[in-house]
Amino acid sequence: MSSFSGFATTGDSDVSPDGIASQFLLLRGLEPGVNEELLAKGACKLYKTKATTPPKDTHPTKKAKIVSTSTSNDSSLGAKEGSLRRVLLIRDRRTNDSWRYGFAEFNTVEDAQAAMAKYKASDKFTISSKPVLVSYIHAGVFVPVLHLDDGLSRFTFSPLSNSGVKLMYWDEAAYVNELVTAMPEPPSNSVTRETENSKRAAAAATEGLLKDGEPRPKKRKADKDPKAVVAPHLQFWSNRHAELHGIPPKEPEDAALDTPQPKSQVKGKEAPSAPPVQSFADMSRKCCLLCSRQFKTDEEVRKHERISQLHRDNMKNEDLVAKALSKLNKATDSADNSAYRDRAKERRQAFNQPKQPAAQHNRQGKGSVAENSSKKKDEEPEAPKPSKGAALLGKMGWSAGEGLGAQGTGITDAITTDVYSAGVGLGAKGGKLGDAMEEAQRQTAGSYADFVSKSKEKAKERYESLQ
């Protein structure tokens, strides 16, 4: 157990949870006696295997043996030979004992991925006859040292590409003991000589020293200088270190090589200065009002203002600048006037009118709708709302007060609900007791519970009369 973190010192917390590739590979489960040399020798097993020639058959009479090849020893898998740069073994600060895991740093991320591919394809990967687990690491394994003390310097290490940054293992109870296995080789003299010759030939061609009839020297592709590619997490901490100390961040070398240089620098001319603050371009017409030049696209107009020498000379002329400003103001005013103006919306907002005003045919007489409605309320009481049946009859052409039927000769009053004596027919005299609603209210005193109890009593009387 680590006295600082409280976790078991197995290296499981250093594994990348997302499996993001990096230049560092974590090797876990080492024997206690494995030192830096044995760790480097074991990590070299992840190189590509060299193709070996089969032994010559000294006895032609004997049948040739069939050699079986395993997929785990495929020569196409593995990192390039010599791509392992160094190994880092984790040791305890007090006892200097190995914590039984370490790291292997390769030249590039691609080499680390190739090594991981060979590890996954192999049946078993061992160091000192013990199976070892290999995985990528996450970005928080190595942290930068901001305040370096004398007693802390021996527990730190530097990236091979940037010796000004000091890193240490995240657990303060342990430290990283490194063993450098290979350093990046400097470019050979032949490559340097070829590059110098190509530069001289290019300079002579640009200065016009070569005649038209003379053949130009062929350009040879020089071998790529093996540049050190900084791991993403190391570059992240390098930028943070530069930010804290006020140092401009160091850009990766590959990015500096890949960025194309402007054409003005290739030709030997100075780069154009920044575009002027005041723009005299009329984008609607795609023209420059200061120089009276018209172009096909907006990009050509901006490019003209940015790099044209004629435009810069005209900006020094005060008369041309004043005329161009007046033309530009007129163009902007005409553009503003030509824009659509919703005057109806402005009126509605000024007079607080609704978004959808009432229809014209609903208005009666002169004056506002509010005044007409108030007059109607004062003059006539509101008519009762027609029933459902009256509304249906009204759709068929019937109006209140008329008789039913096509000729209007039918009844004019609605059928009343009357109560009759029990057992008496509709045409019998004296059988009508009165309106049903009034009779029910009179017998039940207007309560539904009384009506229910009364109905039960009547039903019970009818049942007993049948016995």
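Matching residues to (1) in contact with a His (Cβ under 6 Å, 6 or more places away or on another chain); (2) at pLDDT 55 or above; (3) among the acidic types (Asp, Glu); (4) outside any strand (DSSP E or B):
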position	(1), (2), (3), (4)
Leu25	no, yes, no, no
Glu31	no, yes, yes, yes
Thr69	no, no, no, yes
Ser76	no, yes, no, yes
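If you scan region 33-67, which residues turn out to be modelled with pLDDT of 75 or more and either part of a loop (DSSP other than H, G, I, E, B) or more than 20 Å from Leu133 (Cβ to Cβ) (or both)?
Of everything in region 33-67, those that are modelled with pLDDT of 75 or more and either part of a loop (DSSP other than H, G, I, E, B) or more than 20 Å from Leu133 (Cβ to Cβ) (or both) turn out to be Gly33, Val34, Asn35, Glu37, Lys48, Thr49.
Could you please let me know if Ala121 is farther than 16 Å from Gly42 by Cα and in contact (Cβ under 8 Å) with a residue 40 or more places away in the chain?
Considered against the rule, which asks whether it is farther than 16 Å from Gly42 by Cα and in contact (Cβ under 8 Å) with a residue 40 or more places away in the chain, Ala121 comes out as yes.
For the condition farther than 25 Å from Glu31 by Cβ, in the same structural domain as Lys45 (by TED's automatic domain parsing) and in a strand (DSSP E or B), what is the one hit in Val143, Val134? Step through it out loud before you land on a result.
Details: Val134 fails: farther than 25 Å from Glu31 by Cβ.
The match here is Val143.
Could you check how many residues of region 286-308 are within 20 Å of Lys323 (Cβ to Cβ) and not in a loop (DSSP other than H, G, I, E, B)?
Result for region 286-308: 7.
Looking at (1) surrounded by 18 or more Cβ atoms within 10 Å (Cβ to Cβ); (2) out of contact with any Asp or Glu (no Cβ under 9 Å at 6 or more places or on another chain); (3) modelled with pLDDT of 90 or more, find the lone condition where Gly102 falls short.
(2)
The values are calculated or read from the model by the stated rules, or taken from the named source; none is laboratory data. Because the structure is predicted, anything quoted here is derived from the model rather than measured. All Cβ positions, glycine included, derive from the backbone under ideal geometry; neighbour counts span all protein chains shown.
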